[in-house]
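A quick write-up on the structure given underneath.
Where a number appears in this text, it was derived from the coordinates with a stated rule and is not lab data. Please read these numbers as outputs of a predicted model, since none were measured by experiment. So basically every Cβ, Gly included, is an ideal-geometry build from the backbone, and we count neighbours across all protein chains shown.
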Amino acid sequence: MAAVLRRQPAALRLKLHWSDRAAQAAIVAILAVLVAFLALPLLAILRQAVEDDTGRFVGAANFVSYARTPALLQSVWNSLWVSATVTAIVVPLAFGFAYALTRSCMPAKGLFRGIALVPLLAPSLLSALSLLYWFGNQGVLKDAMQDLGIDQIYGAPGIVLAESLATFPHTLMILISALALADARLYEAADAMGTTRWRKFFTITLPGARYGLMSAALVTFTLAITDFGIPKVIGGSFNVLATDVFKLVIGQQDFSGGAVVAILLLAPAALTFGIDYVVQRRQTAMLTARAVPYVPRPSRGFDAAMTAFCSVIALLMLAMLAMAVFASLVTFWPYNLTPSLKHYIYGLIDNDVATGFLNSLKMAAGTALAGTAMVFVGAYLQEKTRGLDGLRGALRMLAITPMAVPGLVLGLGYIFFFNAPANPLNGLYHTLTLMTLCTAVHFYTTGHLTAVTTLKALDTEFEAVSASLKVPWYRTFWRVTLPICTPSLVDIARYFFINAMTTISAVVFLYSPETRLASIAILNMDEAGELSPAAAMAVLIAAASAIATVLFTLLGRWIDRRTQAWKQR
């Protein structure tokens, strides 16, 4: 087919010339957006880190000054060991949960999985607020915690527990994917040789999942070290890098110091991303064309043990959510536990969070629409059109860069870049439009990789045949590629919407009183000591995310009936 296309008459090539130029112009436009809203803000952080308050170049002086500040250096150590502790706790627990879901015949697998993924629907600080009601100064289990030798939940203990609850579903999804694919022939051969269950686990299961385990560990570490909401709510006087950035920039107006900490915060995230990229390139296929899918066999004792283990994890997840809901409904904690909606009324009306909630819905909808369109069109142009090979490489690099950039760092870069008076884009600063674009760029990589994976599954003969029939690429895109890929588009839009509803770190520097979001309002109420209204708003965000998930699921089923009839036998 390629040879046939090369022998096409010149008239055909000229006829397709304008559409190819249009595709190249679209690639340049998407590349320009990523440069303006990703590369240049990151360069602005680097520039700020090597200048003083007057804009004079000082080289590494800011880094030297930071290294000479013991309190700030302590934050680096605190961030590293807390994140490592969270990783050491979460990865084994998530692996056991994923193993139970994929390798046992335990009942109610769908229910257990749904409960484990509940933290994805709420801001990460919901777990911190719940822990305050369980173990805080007036917590239900404060005495039991002290009996275990823990004086208070504020500080490192609270951060570790809250981060473990918040990062668990992210780790679980990776490990489920790692364990879902297995060749049953390996286990059948081991059974024929009389291999014990434990030996099969250490010689077949673990080696097969080692890349997934490493990716899960790196993702967990990165999420823990870059999270801002949980240390802000429950950290107390225990400082970490994420809270240092906020204190330096907002509290002390020390922009150079904030830029230095942002670069330090970017370094471990970029390092873990680089390691994960190298690991993924070395990963080999677990299933071949001759592989036999693994189907677990019932085992009463093993299935009962897995059910008990998952029940404990699910109970912890439900306890976290239930306490937040309960605390949002009590009249006055802990003295008057009569149910009341006063905290919802106070938050939405008296504290004007209703406007912030509406802003969150607007931003989430805009992120879902604009982010999905930009991600999918960019992935299609990169994979299915021709020309501008050099720019395609730059587009591919920028598309995967946001995965290594913490939201707090990206938001700080937006301050330095868009708040500059000489910047022609300065008018976007403090607007909901800029916050929407920031959120779309922050979560761009996952959507891009999902779109690329879907497009790579489509044979290039679709485009080749279209070209031979003188059909321009945009018509093939609209009539063939888009209908086939609509289920993935719904998944990408749902991912953007939910993350936009729950994000804090990416937009904490960018809002104004008119564009305040519901998630930011939770932080403000926590600072004011209004924990019950803060819990009420966190519950509302979780409810909105749950409703959106149901609506996206229904939309996906409707789209499947309209566009995926070719899959039916």
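Here are a few things to note about the model shown:
- Taken over segment 355-429, the alpha-carbon convex hull comes to 135 cubic angstrom per residue.
- Ranked by how many other Cβ atoms sit within 10 Å of their own Cβ, fewest first, the residues LEU398, LEU46 fall in the order LEU46, LEU398.
- Inter-label distance for ARG56 and THR553, nm, one decimal - labels placed 7 Å from Cα along Cα-to-Cβ: 6.2
- Full extension of the segment from LYS109 to VAL278, taken as 0.36 nm per residue of separation minus the current Cα-Cα distance, would add 57.5 nm.
- Burial ordering of ASP151, ASP303, fewest other beta-carbon atoms within 10 Å first: ASP151, ASP303
- Approximate spin-label separation ARG562-MET193, in nm, with each point projected 7 Å along Cα-to-Cβ: 5.4
- Given R0 = 30 Å, the distance between the Cβ atoms of ASN137 and SER311 translates into a calculated FRET efficiency of 0.50.
- PHE202-TRP77 pseudo-label distance in nm [points 7 Å out on the Cα-to-Cβ vector]: 3.6
- A full extension of the chain between THR338 and ALA528 corresponds to an added length of 66.1 nm, given 0.36 nm per residue minus the alpha carbon distance.
- If R0 equals 45 Å, the separation of the Cβ atoms of ALA322 and ASP254 corresponds to a calculated FRET efficiency of about 0.65.
- In segment 120-258, inverting the average of 1/r over every pair of distinct C-alpha atoms gives 18.0 Å as the Kirkwood radius.
- Alpha-carbon centroids, segment 346-403 and segment 54-110: separation in whole Å: 26
- Taking 10 °C and 1.306 mPa s as conditions, the chain diffuses translationally at an estimated 62 µm²/s according to Stokes-Einstein applied to its Kirkwood radius (Cα pairs).
- Fewest-first sequence of TYR444, TYR495 by Cβ atoms within 10 Å of each Cβ: TYR495, TYR444
- Per residue of the chain, the DSSP helices (runs of n ≥ 4 H) give a summed -39500 (n - 2.57) that works out to -22000 deg cm²/dmol at 222 nm.
- Cβ-derived FRET efficiency at R0 35 Å, THR431 paired with ALA267, nearest 0.05: 0.70
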